[in-house]
1. Would you mention how many residues in the stretch 308-347 are closer than 26 Å to Leu52 by Cα and either open to solvent by 10 Å² or more (accessible area, probe 1.4 Å) or at pLDDT below 95 (or both)?
2. In the set Met133, Met217, which member is of a type outside the set (S, T, N, Q), farther than 30 Å from Lys251 by Cβ, surrounded by 21 or more Cβ atoms within 10 Å (Cβ to Cβ) and more than 22 Å from the chain's Cα centre (by Cα)?
3. Filter the stretch 138-162 down to residues that are crowded, with 18+ Cβ neighbours inside 10 Å and of a type outside the set (S, T, N, Q) and give me whichever is nearest to Val250 (Cα to Cα).
4. Got a sec? Which of Ser408, Ser445, Ser390 is out of contact with any strand residue (DSSP E or B) (no Cβ under 9 Å at 6 or more places or on another chain), in contact (Cβ under 8 Å) with a residue 12 or more places away in the chain and among the polar types (S, T, N, Q)?
5. Please report, ordered by residue number, the helices (runs of 4 or more DSSP H) entirely within the stretch 388-468 with at least 3 residues that are in contact with a Gly (Cβ under 8 Å, 6 or more places away or on another chain).
6. So which of Ile269, Ile290 is β-branched (Val, Ile, Thr), open to solvent by less than 10 Å² (accessible area, probe 1.4 Å) and either modelled with pLDDT under 95 or in a loop (DSSP other than H, G, I, E, B) (or both)?
7. Looking only at the stretch 181-199, decide whether some residue is open to solvent by 10 Å² or more (accessible area, probe 1.4 Å), within 21 Å of Gly134 (Cβ to Cβ) and among the small types (Gly, Ala, Ser).
8. Output the number of residues of the stretch 79-123 satisfying the condition of being assigned to a helix (DSSP H, G or I), surrounded by 14 or more Cβ atoms within 10 Å (Cβ to Cβ) and among the small types (Gly, Ala, Ser).
Amino acid sequence: MALRRKPVHDIKKNGNVISMKNEVDGWKGDGTGAGVRGGSFAEKLFSHCGVLALILVTPPTVIILWWAHTTLGGDSYAIWNHFASHGIFGGLTSIWPAPTLKAWQIIGTFAALEAAMQVLVPGKTFLGPVTPMGNRPVYKANGVQCYVLTGLIFVVTWRLEYFDPAIVYDHFGEILSALNLASLAFCAMLLLKGHLAPSSSDSGSSGSPLFDFYWGMELYPRIGPLDLKTFTNCRFGMMAWSYVILCFAVKQQQLYGQVADSMIVSLVILLTYMTKFYMWETGYWSSMDIMHDRAGYYICWGCLVWVPCVYTSPVLYLTTHPVSLGLPLSLAIGAAGVLCVWINYDSDRQRQNFRATNGKAPVWGAPPKFIKAEYTTTKGETKTSLLLYSGWWGIARHFHYMPEILASFLWTAPGLFNHAIHYFYVVYLTILLFDRAVRDDNRCSGKYGKYWKEYQAQVPYRVLPGLF
């Protein structure tokens, strides 16, 4: 990506404002955009067609997924029959709900609450990794506080009858329709902002308006004290996932007079995962989503619309499909799911501690095994990174993806296996994480060169030992 360079300057730190400090420089290969621009005409044409197809297909997909779960009971054949008889356009217009005032009120209240808490709730200062342009983002680590406070507000307003959580299920289609519109407008705003008022020098155009809209222009955009990527990814998308599923559970209780053990098992695993996420949020700020993916349709629309719909779909299905698992099976699935979440957390924690101590932290009670990998910065200087290949990270280069995929299967499995669409999220997550493993490997190969080949010799598999 051909960056439009601006003079780097310090921005006064205030709460969760991103503070850009030109202290050190980043890897010269980051953020060039070569991967999205393509090389030959055929590659560019294929890339443009693929991006355009995703932008056109994903908004209808969330509506179809909601409609199939709530109206068709998850029957995939009924989806096919509907579009076969009505056509694509007629089939979509007949099921697409119009945004309502109630939907806008729910979205607006939730978004305003989370944005306010992100800015106002106290938290420790956390410095993110150095960016490709030598900036360093400053965060306010208040994710756990916001997560717990949101829960308290949820329970208090519900018990005092100011808010009925079941209305989220009742108006979910309208909410998704409104979110689609709002998120497209938000992404257009990000595109305009990237051209006119970027927040830092980590911004630039690929030369293609379509790519700029889809992949984004700014790495760390902000408006005033609000860090926009933290808001879309953590405070809106992940927080909505956490509490929308509780709204669905309340709806099931209203429909059937009780919450089924299958719903409870799914919620226990999911809420353990959500709690883990907010406990590890500072680690997430060092992940590919934040460090390398810019703020555009791919990340922001995905977190604002795709996450609240697709990620909650296993529980959406369970809402009207209560299953009685029995105590032994419930305990077995729940324990296995929580164990997978713990392994996912512990692997991330292990690597984070290794990096924080510059390779001095023991790994499983023994000195860590690692490779000192050199890379060249934007200023032509040589820097060093440590590549861990013991503990969890000796099993596979992206081993932590496997327990996450298994956990998603286990919080979906309580709905049993009557309808394939119930497992849409599991299939999607598997594709997403395997693709991310390939992208990250390619990026690291370009960054570390021969050292990455040495690392691959020590840890030959990307995700799944023996297979991939």
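1. 1
2. Residue meeting the stated conditions: Met133.
3. Top of the filtered list is Tyr147.
4. Of the residues listed, the single one that is out of contact with any strand residue (DSSP E or B) (no Cβ under 9 Å at 6 or more places or on another chain), in contact (Cβ under 8 Å) with a residue 12 or more places away in the chain and among the polar types (S, T, N, Q) is Ser408.
5. Helices (runs of 4 or more DSSP H) meeting the threshold: 401-412, 424-448.
6. Sole residue among the options that is β-branched (Val, Ile, Thr), open to solvent by less than 10 Å² (accessible area, probe 1.4 Å) and either modelled with pLDDT under 95 or in a loop (DSSP other than H, G, I, E, B) (or both): Ile290.
7. yes
8. Looking only at that region, the number is 4.
The values are calculated or read from the model by the stated rules, or taken from the named source; none is laboratory data. Small disclaimer: the values here were computed from a predicted structure and weren't measured. Backbone-built Cβ (ideal geometry, glycine too); neighbour counts: all protein chains shown. Side chains included, ligands, DNA and RNA excluded: accessible areas come from the protein's heavy atoms. Shrake-Rupley method; radii C 1.70, N 1.55, O 1.52, S 1.80 Å.
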